[in-house]
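**Q** Before we start, here is the structure in question, set down as structure tokens.
The values are calculated or read from the model by the stated rules, or taken from the named source; none is laboratory data. Everything numeric in this text was worked out from a predicted model, so none of it was measured. Note: ideal-geometry Cβ built from the backbone for every residue, glycine included; neighbour counts use all protein chains shown.
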Amino acid sequence: MTPYAVRRESHSDFLTLRGLRYHVRQWGDESLVTPDRPPLVLLHGWMDVGASFQFLVDELAAIEGPDRWVIAPDWRGFGLTETPQADGYWFPDYLGDLDALLDTLLAHAPADQQIDLVGHSMGGNVVMLYGGIRPKRIRRLVNLEGFGQPASRPEDAPGRYAKWLDELKEPSSLSSYKSVDGVARRLQKNNPLLPTDRADWLAAHWSAPDAAGDWRILGDPNHKRSNANIYRKEEALACWAAIEAPLLWVEGDQTDTDRWWAGRYTKAEFHERLSVVRRVEKHMLSPAGHMLHHDQPRALAERLKAFLGA
């Protein structure tokens, strides 16, 4: 198997954001920004890293050239970003980190500088909230399979808090692997559509060897704990309704949401919720699952190019 060959090289920076040492992967720099090509910010999902977008960045550069500043941070507790001293994670912190990241990277930009914002899965949920909270900051918004969560009821709160308290009593852990090849094969087990060369490349960014030589996932195991807070659908939709930028929604034809929610929340219900957003363009990629930026990076890049240039 020929190793995956990166076509557009990135560089890494470490920034202090809200007291955490944040790793930010960048392709290009602010000198590439024009009115038609503002900074493109890519936000990864749960148990992923910013490097996960390399295949998409390569394909986007292949069809439009490398003249775009692309930014992909590792969320707190993932990749090379520092892990906070906390028992869990919640969306307000992701929003705060994103706001601080943009304030830092755009410190010398005009006050009205907008960005194009893309999020996958958990990152997609973040961008949907942020798009309504900071609507003037976003020129184009892209949600890749960030479905939100099943609706909850106030009476669900006692049980959720109890579950969280119970989980705090048990140590969290993530699997380790004897080699980076073991990590790559696990990635392919999770996603059979992932080619071997991409899996091998991703594994070296998704994990690192520990002192004993075992390869461990670069993620805080506390991410596996239940969130103490119930999902407040009405609050989320109020943010969605405040989005002013055009929105591109992209999903994979093989994504099975019943695997996650067992019928408690369907794709049909999600698309009904999405109707609160004023301007939405929808696309489905095939064959593709939840990790559609790994499965169909060229097709996704083509959709992005058309949408960002519209």
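**Q** Mind telling me which of the residues Leu237, Leu300 ends up being at pLDDT 95 or above, under 18 Å from the mean Cα position of the chain (by Cα) and either farther than 17 Å from Gly131 by Cα or not in a strand (DSSP E or B) (or both)?
**A** Leu300
**Q** Kindly indicate which of Asp156, Asp214 is touching a strand residue (DSSP E or B) at 6+ places or on another chain (Cβ under 9 Å), in contact (Cβ under 8 Å) with a residue 12 or more places away in the chain and of a type in the set (Asp, Glu).
**A** After ruling out the rest, the residue left standing is Asp214.
**Q** Are any residues in the stretch 72-98 farther than 24 Å from Phe147 by Cβ and either polar (S, T, N, Q) or surrounded by 18 or more Cβ atoms within 10 Å (Cβ to Cβ) (or both), and if so, which ones?
**A** Leu80, Thr81, Thr83, Gln85
**Q** Give the residues of the stretch 50-69 that are touching a Ser or Thr at 6+ places or on another chain (Cβ under 9 Å) and in contact (Cβ under 8 Å) with a residue 60 or more places away in the chain, sorted by residue number.
**A** Passing the criteria: Ala51, Gln54.
**Q** Tell me, which strands (runs of 3 or more DSSP E) wholly within the stretch 129-225 include 2 or more residues that are in contact with a helix residue (DSSP H, G or I) (Cβ under 7 Å, 6 or more places away or on another chain)?
**A** By residue number, 138-144, 215-217.
**Q** Yes or no: Ala288 under 20 Å from Leu43 (Cβ atoms) and either over 19 Å from the mean Cα position of the chain (by Cα) or without any contact (Cβ under 8 Å) to a residue 24 or more places away in the chain (or both)?
**A** No, not satisfied.
**Q** Is the stretch 107-118 home to any residue that is at positive phi and touching a strand residue (DSSP E or B) at 6+ places or on another chain (Cβ under 7 Å)?
**A** Scanning the stretch 107-118, I find no residue that is at positive phi and touching a strand residue (DSSP E or B) at 6+ places or on another chain (Cβ under 7 Å), so the answer is no.
**Q** Just checking, does the stretch 17-32 include any residue being more than 26 Å from Lys305 (Cβ to Cβ), part of a helix (DSSP H, G or I), touching a helix residue (DSSP H, G or I) at 6+ places or on another chain (Cβ under 9 Å) and at pLDDT 95 or above?
**A** Checking the stretch 17-32: not a single residue is more than 26 Å from Lys305 (Cβ to Cβ), part of a helix (DSSP H, G or I), touching a helix residue (DSSP H, G or I) at 6+ places or on another chain (Cβ under 9 Å) and at pLDDT 95 or above.
**Q** Working carefully through the options Tyr177, Tyr161, Tyr130, find the one that is under 22 Å from Cys239 (Cα atoms) and among the hydroxyl-bearing types (Ser, Thr, Tyr).
**A** Tyr130
**Q** From the residues in the stretch 206-240 that are farther than 17 Å from Gln149 by Cβ and among the hydrophobic types (A, V, I, L, M, F, W, C), which one is surrounded by the fewest Cβ atoms within 10 Å (Cβ to Cβ)?
**A** Among those residues, the one meeting the criterion is Ala211.
**Q** Name every residue in the stretch 255-280 that is in contact (Cβ under 8 Å) with a residue 40 or more places away in the chain, basic (Lys, Arg) and part of a loop (DSSP other than H, G, I, E, B), in order of residue number.
**A** Once the filter is applied, which keeps residues that are in contact (Cβ under 8 Å) with a residue 40 or more places away in the chain, basic (Lys, Arg) and part of a loop (DSSP other than H, G, I, E, B), the stretch 255-280 yields only Arg264.
**Q** Going through Ser179, Ser152, Ser121, Ser172 one at a time, which residue ends up being at pLDDT below 95 and either within 20 Å of the chain's Cα centre (by Cα) or farther than 16 Å from Leu248 by Cα (or both)?
**A** Ser172
**Q** Looking at Leu174, Leu129, Leu144, which is the one that is touching a residue at least 12 places away in the same chain (Cβ under 8 Å) and touching a His at 6+ places or on another chain (Cβ under 6 Å)?
**A** Leu144
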